[in-house]
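The values are calculated or read from the model by the stated rules, or taken from the named source; none is laboratory data. If you're wondering where the values come from, they're calculated on a predicted model, not measured in any experiment. Heads up, the Cβs are rebuilt from the backbone with ideal geometry, glycines too, and the neighbour counts pull from every protein chain shown. Just the protein is used for accessible areas: all its heavy atoms, side chains included, with ligands, DNA and RNA removed. Shrake-Rupley method; radii C 1.70, N 1.55, O 1.52, S 1.80 Å.
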Amino acid sequence: MRKIVKTSLALAAVAALSLTACSSRTADTTTPAASGSASAAAAGFAADSLVGVALPSKTSENWVLAGDLFTQGLKDAGFKSDVQYAAASGTVADQQGQITAMVTKGAKVIIIGAADGAQLSTQVEAAQAAGAIVIAYDRLILNTKAVDYYVAYDNFKVGQLQGQALLDGMKAKKATGPWTIELFSGSSDDANSAVFFNGAMDILQPAIDKGDVIVGSGQTDIKQTATAGWKAENAQSRMDSLLTSTYNGDKTLDGVLSPNDTLARAILTSVKGAGKDLPTVTGQDSEVESVKSIMAGEQYSTINKDTRNLVKAAIQMATDLSTGKTPDVNDTKSYDNGVKTVPAYLLPPQIVTKANAAESYANDEKLLAIVKAAS
Ligand code: BGC
């Protein structure tokens, strides 16, 4: 019974979040934030204070990068740091323990990439009560007032870019519809998953309603499309099942909405295994293997959300807070976590296809080298 209540609360929060994300798309005026720890923020704290960073398990390359960048960046900014990842299994309990330990060690700011956005209220409330400022990083923390700021790429926009890329990629291969697609979404314990999916459906639904796009399996509900734990093997086995149930013989699959690169490659592996023509597949994160796949003409698109800039923005918030300055935010309407609209600093994501890869990665030596080697 308790579990059911908890789950429905979490779902309600995600629904609220996606609704507000849908309704307010203008997010470009810089306004001062209303912070739960306003007094702590106004007072500032010592420049060499401890900043805790609690990251989820390494389900995609961006998380791996973020850990190293936080360790180095916080050191360069003069802070002491404690950067932790949740273990690949038992992630929620692991992260809860890490946050509690950061509070005990006296962290002044705790930056959290939630392993499960709905399961951290006790820990962040204790953190705030101890005087720490809580910053949700990349993923929103749900159902608690104890989140001071949110720093992320614009997740709804990510979804819209993915939906549009899917349509563009399919059109480029076959000029007229109808096009048959399948939909995948992320892990249901990540608040981003619904926002990405709703952003994509904002673009795809009108095409589905017109009959230009058909979801072959009929699986359009986010509960049917979810990928538990953002795990590649879960996406691959769902794609295997879809191919068997819906695409046997010479039935064509034109496109697959994939929420990120790890899942995109798993979906492509499944389709290759079935010996079918490769559909247009979207992605996100600009992972090395996916950039190679895009350049080789397999995966169609990814999203450039440069982790260096997101980490920089989070560290800038910590620096501002230490000097008593209220950090800049540019969205105070979109991210309702169920009990509070969290002031957010959102960065703009960029769509990347083979056509604009060189331009999009112009400032990224590693990815640019891959693009150049393949051109
Ligand atoms: C991040 C994505 C990432 C996914 C899986 C999401 O919360 O925004 O960039 O692909 O988690 O790690």
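Assorted remarks:
- Verdict on Val288 being surrounded by fewer than 17 Cβ atoms within 10 Å (Cβ to Cβ) and either among the acidic types (Asp, Glu) or over 23 Å from Ala191 (Cβ atoms) (or both): yes
- Tally of residues being open to solvent by 20 Å² or more (accessible area, probe 1.4 Å), of a type in the set (A, V, I, L, M, F, W, C) and under 27 Å from Thr307 (Cβ atoms) across the stretch 128-163: 1
- When Gly169 is tested against (1) open to solvent by less than 40 Å² (accessible area, probe 1.4 Å); (2) within 16 Å of the ligand (Cβ to nearest atom); (3) over 23 Å from Ser57 (Cβ atoms), exactly one condition is not met: (2).
- The residue that is farthest from Ser375 (Cα to Cα), counting only those in the stretch 328-361 that are open to solvent by 60 Å² or more (accessible area, probe 1.4 Å) and part of a loop (DSSP other than H, G, I, E, B), is Val339.
Matching residues to (1) of a type outside the set (Asp, Glu); (2) within 18 Å of Tyr300 (Cα to Cα):
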| site | (1), (2) |
| --- | --- |
| Leu183 | yes, yes |
| Ile203 | yes, yes |
| Asp209 | no, no |
| Gln236 | yes, yes |
| Ser245 | yes, no |
| Pro259 | yes, yes |
| Lys272 | yes, yes |
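- All strands (runs of 3 or more DSSP E) inside the stretch 51-153 with 3 or more residues being within 17 Å of the chain's Cα centre (by Cα) and within 16 Å of the ligand (Cβ to nearest atom): 133-137, 149-153
- Taking the stretch 362-375 as the range and being in contact with a strand residue (DSSP E or B) (Cβ under 9 Å, 6 or more places away or on another chain) and assigned to a loop (DSSP other than H, G, I, E, B) as the test, only Asp364 passes.
- Residue match in the stretch 239-257 (condition: touching a residue at least 60 places away in the same chain (Cβ under 8 Å), within 16 Å of the ligand (Cβ to nearest atom) and acidic (Asp, Glu)): no
Condition check ((1) farther than 30 Å from Ser217 by Cα; (2) crowded, with 22+ Cβ neighbours inside 10 Å) across all residues:
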{"residue": "Asn260", "(1), (2)": "no, yes"}
{"residue": "Leu263", "(1), (2)": "no, yes"}
{"residue": "Leu268", "(1), (2)": "no, yes"}
{"residue": "Lys276", "(1), (2)": "no, no"}
{"residue": "Ala296", "(1), (2)": "no, no"}
{"residue": "Ile315", "(1), (2)": "yes, yes"}
{"residue": "Ser322", "(1), (2)": "yes, yes"}
{"residue": "Lys325", "(1), (2)": "yes, no"}
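- Per the listing Gln95, Gln72, the residue uniquely in the same structural domain as Ala136 (by TED's automatic domain parsing), buried (at least 19 other Cβ atoms within 10 Å of the Cβ) and on the phi < 0 side of the Ramachandran plot is Gln95.
- Within the stretch 301-326, residues that are on the phi > 0 side of the Ramachandran plot and in the same structural domain as Ala43 (by TED's automatic domain parsing) have Cβ atoms under 9 Å from residues that are in a helix (DSSP H, G or I) and open to solvent by 50 Å² or more (accessible area, probe 1.4 Å) in these pairs: Gly324/Ala42; Gly324/Ala43, counting only partners at least 6 apart in sequence or on another chain.
Residues checked against (1) more than 16 Å from the ligand (Cβ to nearest atom); (2) crowded, with 22+ Cβ neighbours inside 10 Å:
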{"position": "Ala165", "(1), (2)": "no, yes"}
{"position": "Lys174", "(1), (2)": "yes, no"}
{"position": "Ser193", "(1), (2)": "no, yes"}
{"position": "Phe196", "(1), (2)": "no, yes"}
{"position": "Asp212", "(1), (2)": "yes, no"}
{"position": "Gly229", "(1), (2)": "no, no"}
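- Cβ-Cβ under 6 Å pairs, at least 6 apart or on other chains, the stretch 262-283 side outside the structural domain of Gln236 (by TED's automatic domain parsing) and closer than 26 Å to Ser193 by Cα, far side open to solvent by 10 Å² or more (accessible area, probe 1.4 Å) and modelled with pLDDT of 95 or more: none
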